[in-house]
Amino acid sequence: MKWNLRLAAANRGIWKASELQRMLAERGVVISAGKMSGLWSGQPNTVKLDELDVICAVLACGVEELLLPEPERVPEPTPATDSQATAVGQPRAVAPRPRTGRSLPPR
C-alpha cells in the first residue's frame, strides 16, 4: 500500500503538515511532530483506525484516496515442492507411531 496523505491534502489546499496537524487537533487527535512528519512524508510507522477516521473527516475523503494499492509489489507465489504438493493436494495415510514406554519424570 502507498500512503497518499500529502497529495490528498494538497488537493484540498492544505500545503503544510503543521496546518493539517492543527486541524486534526481541533477534532481531538493530537499527533506529535515526529509522527506527523512520518504521515506527511509518506512513510508512517503506524496509523490507528480512529486517527484514519479523523483524517478522512478533516480532508472530506475516503480511505481509498489515502491508501493506494500497489499489487506489483506483492511477490508471486513460490512453486510448491513435492512435500508441499502432497500436503496441500491429496491426503496421505497417517500411520500411528508405536509407543516405546512411559516418558521420564521431570528432573
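The values are calculated or read from the model by the stated rules, or taken from the named source; none is laboratory data. Note that the structure is predicted; figures quoted are calculated from it, not measured. So basically every Cβ, Gly included, is an ideal-geometry build from the backbone, and we count neighbours across all protein chains shown.
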Only one of Q43, Q84, Q90 that is at pLDDT below 90 and touching a strand residue (DSSP E or B) at 6+ places or on another chain (Cβ under 9 Å): Q43
Pair list, Cβ < 9 Å and 6+ apart or interchain, from the stretch 63-89 residues that are of a type in the set (D, E) to residues that are in a loop (DSSP other than H, G, I, E, B) and modelled with pLDDT of 60 or more: E65/N4; E65/N11; E70/M1
